[in-house]
Each structure stands twice: as structure tokens, then as C-alpha cells.
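Undergrad: Here it is, the structure in full.
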Amino acid sequence: MKLRKKILTQSASSGRLWENALLENLVDLKERHKIRSPIEGSLRKVVEEKLIEDALISAIAKGCVAVSMISKATKLPGNLVRKYANRMEEKGVLKVDRSGHPHRFTLVASPKSK
């Protein structure tokens, strides 16, 4: 678990997705030498979550402010966009205006600062 924490800390402080590089190396190790890492599954989940969040941030930054617009721009299903938007709102990355329909999303802070 110390390695996983270290990678997450480095990613947060640098703004780079170190988890993805590590995951690629673990997959390569498994394919070439049949060595399986116990953190591969949990690391894959972290990488997927970060990639989806980054895709949502990018779409919103480009002016996609509703679930349907974000879904179209990212090619992610609407239910997944809603799920991650809710998580990102809880983290303080997004603000959701629920006063109208459709709900409108805005970025609260730069992705690098979170």
C-alpha cells in the first residue's frame, strides 16, 4: 500500500497521471513475464476514474455545460457523466446549477489546483 500512496501523492503534487504509467508497466510485466501485481486492479480503477474526470473537465472547459453536451463530447453515457459530475461536485471541482433544466455545470477551480 505504500507504493500506491506514493504514486497518488506524486500525481497530486505534479498534476501528471503517474498511475497510468505504472499501470502500463505492470500490464507489460504481466504480459512478458507472467508476473501479476496485487495492485493492478485497484490501480486500473484509479486510472479510469482520473481519465473520466479529466475528460469531463476538458469538455466543460470547452463550453459543454449540460449532461447531453458532455456525453456527446466525451462519448460517455449520460448516467456515467452524472455519476462522475456528482463525485466531482462533492470534491469541489464542479459547481452544478440545478435551478433550471438541464442542470448546468461549471468548473470551480483549475484541475491542477485540485
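Undergrad: Looking only at region 19-70, which residues are within 15 Å of V93 (Cβ to Cβ) and not hydrophobic (A, V, I, L, M, F, W, C)?
TA: E49, K50, E53, D54, S58, listed by residue number.
Undergrad: Then there's this: Given the condition buried (at least 16 other Cβ atoms within 10 Å of the Cβ), under 19 Å from L17 (Cα atoms) and β-branched (V, I, T), answer yes or no: does some residue in region 63-73 qualify?
TA: For region 63-73, residues buried (at least 16 other Cβ atoms within 10 Å of the Cβ), under 19 Å from L17 (Cα atoms) and β-branched (V, I, T): absent.
Undergrad: Let me ask you something else. Among all residue pairs at least 6 apart or on different chains, which show Cβ distances below 7 Å where the first residue, located in region 24-35, is without any contact (Cβ under 8 Å) to a residue 60 or more places away in the chain and farther than 18 Å from V47 by Cα and the second is among the hydrophobic types (A, V, I, L, M, F, W, C) and exposed (fewer than 10 other Cβ atoms within 10 Å of the Cβ)?
TA: none
Undergrad: Hey, another quick one. Please work out which residue is nearest to the chain's Cα centre (by Cα), limiting yourself to region 38-79 and to residues that are β-branched (V, I, T) and farther than 30 Å from K5 by Cβ.
TA: Going through the qualifying residues, I end up with I70.
Undergrad: Tell me the residue from E48, E19, E53 that is modelled with pLDDT under 90, part of a helix (DSSP H, G or I) and among the charged types (D, E, K, R), please.
TA: Of the residues listed, the single one that is modelled with pLDDT under 90, part of a helix (DSSP H, G or I) and among the charged types (D, E, K, R) is E19.
Undergrad: So, in region 89-110, of the ones that are closer than 17 Å to G63 by Cα and in contact with a Phe, Trp or Tyr (Cβ under 9 Å, 6 or more places away or on another chain), which residue ends up surrounded by the most Cβ atoms within 10 Å (Cβ to Cβ)?
TA: Of everything passing the filter in region 89-110, L94 is surrounded by the most Cβ atoms within 10 Å (Cβ to Cβ).
The values are calculated or read from the model by the stated rules, or taken from the named source; none is laboratory data. Small disclaimer: the values here were computed from a predicted structure and weren't measured. Using ideal geometry, Cβ is built from the backbone for each residue, glycine included, and neighbour counts are taken over all protein chains shown.
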